[in-house]
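The structure appears right after this line, and notes come after that.
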Amino acid sequence: MKKVLVKVLVTSAVMISILIAAVVFLPKGKTSNKETNELDLLTESADKQGINKGGSKHVSIGKDETIMQFSHGNVKDIYNVKKSKAIAKRIDKLKKQARYTFDNPLLIWNAYGTNKLSLYYYFRAEESTYVTYTIQVADSKIPDFTRTLNTHTDGNLTRVHEYLLTGFVPGYQNYLVLRQYNGKGKLVKKQYFDFYVDKLRDGVKTKIGYEDGKSTASISNGLFAVCGYHAGEKNIPKAIPLYDNSGIVRSVIPIENYRTDRLEILSNSMIYSVSNQAFAQVSSLGQVMNVYSLGRYRLHHDFVYNDYGQLWCLATKKNAQSICDYVISVDVKDGKVQKLVDFGELFPKVKKQAAKANKARPLNWINLNSIVRIESSDIIVSSRELSSIIRINHVTSGYPKIGYIISDSSIWKKTNNKKYLLLKGAYLNEKWYNLDSGTEKLGKGIHNFSCQLGQNSVSLEQGAGLSEGQYYLTMLNNNYAYSTMVPGMKWSKFTNAGSKHRAASNSSYYEYLVDEKAGYFGLKRSYELPYTAQGGNVFWNGTNTIANSMGEKVFGEYDSTGKLIREFSLKAYRVYKYDMKKIWYY
């Protein structure tokens, strides 16, 4: 009996030790082992995954042809559908020339030229399996990079394995371990490779600095997509870098010029702008499937996929006297471009007043900077120059109509559009209180607020428990009160805002409750962010909020209470975070 008791006590002690170790080494918050491994966080050296470097197969990129490398030419050549299709045919031919297995796979570095830190990986298995991989380098400040590859099949099991591996670190010997699992989750085989990856030559930083905030919440899974790298500076890299949670670059997507304001990730492909006149649709393997020209328009700021086979884009009409005042559609099947909204036609008096007040040509009188789809044929756009959020209905009908305007009412005082203004209110106990009427006293729980000023990146969020016609709008309130496009406007009345000659103490995350049925909007939640007069964005990735300040050259991840989890040092126009699980990972 004593022996049994001793065994039980020993077993319990071991289990407790394991539990304590797990708690010590887990990142902030509760996560599963898989999630923890994919968070790309630095851990204690003893907790770092051991890779069998002694048993690793040493190979080279493009030299001994263990890892093949193709020549791609310039960026225009890369985003050429015919040339990309020719590469696909070349790869298909290679696949037929040998029997590629897990032990002897087909490896091609950056096969299509669309991802500078990627490895095309192909083999056929005897049974249905899935694959995970880890990349490690000999640097204590660079974490392991571990992911499960997406087969794009039910159950993520397949016999034909074809992927794009991302996450390699430039300027280092990269140690790669691949693991093959069967349908029961049992490890079937392991394979080790190591090879040197050249340093980047496009100006993109391999490492960016960071500092942890006061939040105890866990940072979310994903890669930070930097859109508009070092925006506004000279000789900026023409690329979209993706950084991990430790500030290490894991992917670099080349572009021709301008920037993309987001990545639209569809099933097994993604769409992004490669210039101010074209979009590309790129497969999960990196092949350029389609390139869409904007014809007589130029992209200016944002775009969104409408879930019905079209891109809706903010644009400027070529050779026009004004800019940033069109919305167009691009059909992803045939590439057809159509005008949806000419804001000069919707707001002729506002445009005319701006033109009289400012003789600049071209005239940037409205400066649309973000777009979101609401319902099937309506949009919500953000106007920086008018510090306004505007809903436009029936954009696909050929007869778009103004739905509403959210703004400080004084900005629209001298126009004929005041009737479209939603009332600024406070929502308490399912009742709205008018904050602009001056007739209602602010009671307990009712607080006034300043409307957004010079805002960016408006997004639509649905929420539980909302009534019909209610929803949330989130945004970066830049808190910048100045524009020459509103004649007679006394911007100085916004005493806590920044202006042309002074900076504000902060910008803010804003979340409005919009109640179209009641005709009100109110501030549900806000918190301070680093100040930026122009640019920047906020983005909720399903777990936390990513906030970017172009002015302060930082971006960070914040928890649901507005506390900072981690902040990175880098100037960017906008920053998003994607887990890439619809395209590369599972």
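The values are calculated or read from the model by the stated rules, or taken from the named source; none is laboratory data. Please read all numbers here as calculations on a predicted model, not as lab measurements. Neighbour counts run over all protein chains shown; Cβ positions are idealised from the backbone, glycine included. Ligands, DNA and RNA are excluded from the accessible area calculation, which covers all protein heavy atoms including side chains. Shrake-Rupley method; radii C 1.70, N 1.55, O 1.52, S 1.80 Å.
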Looking at ASP307, ASP244, ASP302, ASP261, which one is among the acidic types (Asp, Glu) and at positive phi?
-> ASP307
Can you find even one residue in region 496-513 that is assigned to a loop (DSSP other than H, G, I, E, B), open to solvent by less than 30 Å² (accessible area, probe 1.4 Å) and touching a residue at least 60 places away in the same chain (Cβ under 8 Å)?
-> no
Of (1) surrounded by 18 or more Cβ atoms within 10 Å (Cβ to Cβ); (2) more than 21 Å from ASN110 (Cβ to Cβ); (3) of a type in the set (Lys, Arg), ARG250 fails just (2)
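Enumerate the strands (runs of 3 or more DSSP E) found wholly within region 253-348, keeping only those where 1 or more residues are open to solvent by 30 Å² or more (accessible area, probe 1.4 Å) and among the aromatic types (Phe, Trp, Tyr).
On the way: elements: 264-266, 269-275, 278-283, 288-293, 297-305, 310-317, 326-331, 337-342.
Once the strands (runs of 3 or more DSSP E) in region 253-348 are filtered for at least 1 residues that are open to solvent by 30 Å² or more (accessible area, probe 1.4 Å) and among the aromatic types (Phe, Trp, Tyr), what remains is 297-305.
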Within region 199-208, is even one residue open to solvent by 60 Å² or more (accessible area, probe 1.4 Å) and touching a residue at least 40 places away in the same chain (Cβ under 8 Å)?
-> yes
Matching residues in region 77-86 - criterion: being part of a helix (DSSP H, G or I) and touching a strand residue (DSSP E or B) at 6+ places or on another chain (Cβ under 9 Å) | ILE78, VAL81, LYS83, SER84, LYS85
Among (1) at pLDDT 95 or above; (2) out of contact with any helix residue (DSSP H, G or I) (no Cβ under 7 Å at 6 or more places or on another chain); (3) surrounded by 11 or more Cβ atoms within 10 Å (Cβ to Cβ); (4) of a type outside the set (A, V, I, L, M, F, W, C), LYS28 falls short only on (1)
Which numbered condition ALA86 fails, given (1) closer than 30 Å to GLU211 by Cβ; (2) open to solvent by 20 Å² or more (accessible area, probe 1.4 Å); (3) out of contact with any Phe, Trp or Tyr (no Cβ under 7 Å at 6 or more places or on another chain) | (1)
Among strands (runs of 3 or more DSSP E) entirely inside region 416-493, those with 2 or more residues being buried (at least 20 other Cβ atoms within 10 Å of the Cβ) and over 24 Å from the mean Cα position of the chain (by Cα) are 423-428
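Hey, can you tell me all the residues within region 373-387 that are aliphatic (A, V, I, L, M) and buried (at least 20 other Cβ atoms within 10 Å of the Cβ)? Full working, then the answer.
Let us first name the residues in region 373-387 that are aliphatic (A, V, I, L, M), namely 374, 379-381, 386.
Within region 373-387, ILE379, ILE380, VAL381, LEU386 meet the criteria.
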Regarding ILE405, is this residue buried (at least 16 other Cβ atoms within 10 Å of the Cβ), touching a residue at least 40 places away in the same chain (Cβ under 8 Å), in contact with a Phe, Trp or Tyr (Cβ under 7 Å, 6 or more places away or on another chain) and of a type in the set (Val, Ile, Thr)?
-> no
Number of the condition not met by TRP412 [criteria: (1) in contact with a helix residue (DSSP H, G or I) (Cβ under 7 Å, 6 or more places away or on another chain); (2) at pLDDT 95 or above; (3) open to solvent by 60 Å² or more (accessible area, probe 1.4 Å)] | (3)
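I'd like to verify a number: residues in region 34-50 that are part of a loop (DSSP other than H, G, I, E, B), at pLDDT 80 or above and on the phi < 0 side of the Ramachandran plot, how many?
Of region 34-50, the ones part of a loop (DSSP other than H, G, I, E, B) are 38-44, 48-50.
Narrowing the set further to residues that are at pLDDT 80 or above leaves 38-42.
Cutting the leftovers down to on the phi < 0 side of the Ramachandran plot gives us 38-39, 41-42.
Summing the residues that are part of a loop (DSSP other than H, G, I, E, B), at pLDDT 80 or above and on the phi < 0 side of the Ramachandran plot in region 34-50 gives 4.
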Could you please find all residues in region 541-578 being over 21 Å from VAL249 (Cβ atoms) and β-branched (Val, Ile, Thr)?
-> THR543, THR545, THR561
The listed residue being on the phi > 0 side of the Ramachandran plot and in contact with a Phe, Trp or Tyr (Cβ under 8 Å, 6 or more places away or on another chain), out of GLY167, GLY171, GLY185 | GLY167
What about ASN74, is it within 27 Å of the chain's Cα centre (by Cα) and within 22 Å of THR151 (Cα to Cα)?
-> no
If the Cβ limit is 9 Å and pairs must be 6+ apart or interchain, which residue in region 51-74 that is within 21 Å of VAL177 (Cα to Cα) and outside any loop (DSSP other than H, G, I, E, B) pairs with which residue that is of a type in the set (Lys, Arg) and open to solvent by 30 Å² or more (accessible area, probe 1.4 Å)?
-> GLN69/LYS63
Only one of ASP139, ASP144 is open to solvent by less than 40 Å² (accessible area, probe 1.4 Å) and touching a residue at least 40 places away in the same chain (Cβ under 8 Å); which?
-> ASP144
Of (1) open to solvent by 30 Å² or more (accessible area, probe 1.4 Å); (2) more than 11 Å from the chain's Cα centre (by Cα), PHE539 satisfies every one except (2)
Within region 546-586, the residues that are over 16 Å from LEU223 (Cβ atoms), of a type outside the set (D, E, K, R) and in a strand (DSSP E or B) are ALA547, SER549, VAL554, TYR558, LEU564, SER569, TYR573
